[in-house]
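Colleague: For reference, the structure I am asking about is given below.
FYI, it's all coordinate maths here, none of it is from the lab. Source: prediction; values computed, not measured. Counting neighbours? That spans all protein chains shown, and the Cβs are built from the backbone with ideal geometry, glycine included.
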Amino acid sequence: MKTPMVVTSEQILIVDTVTKLGPEAAGNVVIAGSHGGVYAGFEAARAGVRGVILHDAGVGLDDAGIGSLSYLEDLGIAAAAIDASTAIIGNGDSLANDGTTSFINETAAKLGCAPGQPAMDCALAMRAAPGSSAAVESQTSAERFGVIPTTRTRPTHVYGLIGGAGNGIISAVY
């Protein structure tokens, strides 16, 4: 079964999951309700997206919920994660309409994305991304998980929010 896909403009697609992207995703920005783990990033890269916005899933142990940001950075693909407290995971419309970015990679930052930004504003900025020509190897699930480390430290090129909502938004480089 194909995931419902909403085209909001010429270059922004809204989907509930990044695992069922078709050829229409290639060269476009995708807002997907999927978690921002490495596997979701792999699926986005394999689909040839220009940029992708995923759900941070509360970030989690070893930053598993945002693992795709550094993975996609290494491929030159703009990526951002939406704060779990602002949108419903698995619901692309919720991310697009209600989501606020919590983390972004350096490629997205260079395009004007920032932590604390509405998802759609970040997606609009990502339309200027050049996309990636990096080849993504086709692997079985077992090979993927054997090749891609599951424990990652937050790299210096991922930006995030610190402080509470009551304290305002403070951006920091990790």
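Colleague: How large is ³J(HN,Hα) for each residue in region 114-130, as worked out from phi by the Karplus curve 6.51 cos²θ - 1.76 cosθ + 1.60 (θ = phi - 60°), to whole Hz, x for Gly and Pro?
Modeller: Once θ is set to phi - 60°, the couplings for region 114-130 become 8, x, x, 8, x, 3, 5, 5, 5, 4, 4, 5, 5, 4, 7, 5, x Hz.
Colleague: Fully extended, how many nm does the chain gain between D74 and D62 (0.36 nm per residue separation, minus their Cα-Cα distance)?
Modeller: Extra length from D74 to D62 when fully extended: 2.5 nm.
Colleague: List, in order, the whole-Hz ³J(HN,Hα) value for each residue of region 51-68 obtained from phi through the Karplus relation with A = 6.51, B = -1.76, C = 1.60 and θ = phi - 60°; use x for Gly and Pro.
Modeller: x, 9, 10, 10, 8, 6, 6, x, 6, x, 4, 6, 6, 4, x, 10, x, 5
Colleague: Exposure proxy check: I104, I89 ranked by fewest other beta carbons within 10 Å?
Modeller: I89, I104
Colleague: Would you list L95, L13, L124 from fewest to most Cβ contacts within 10 Å?
Modeller: Working: L95 31, L13 24, L124 18.
Fewest to most other Cβ atoms nearby, the residues stand as L124, L13, L95.
Colleague: Counting other beta carbons within 10 Å of each Cβ, put T17, T100, T107 in order, fewest first. Don't jump to the answer; show the numbers that get you there.
Modeller: Working: T17 16, T100 19, T107 24.
Listing T17, T100, T107 from fewest to most nearby Cβ atoms yields T17, T100, T107.
Colleague: Report the extension gain between S85 and T17 in nm, rounded to one decimal, defined as 0.36 nm multiplied by the number of residues separating them, less their alpha carbon distance.
Modeller: 22.6 nm is the gain from fully extending S85 to T17.
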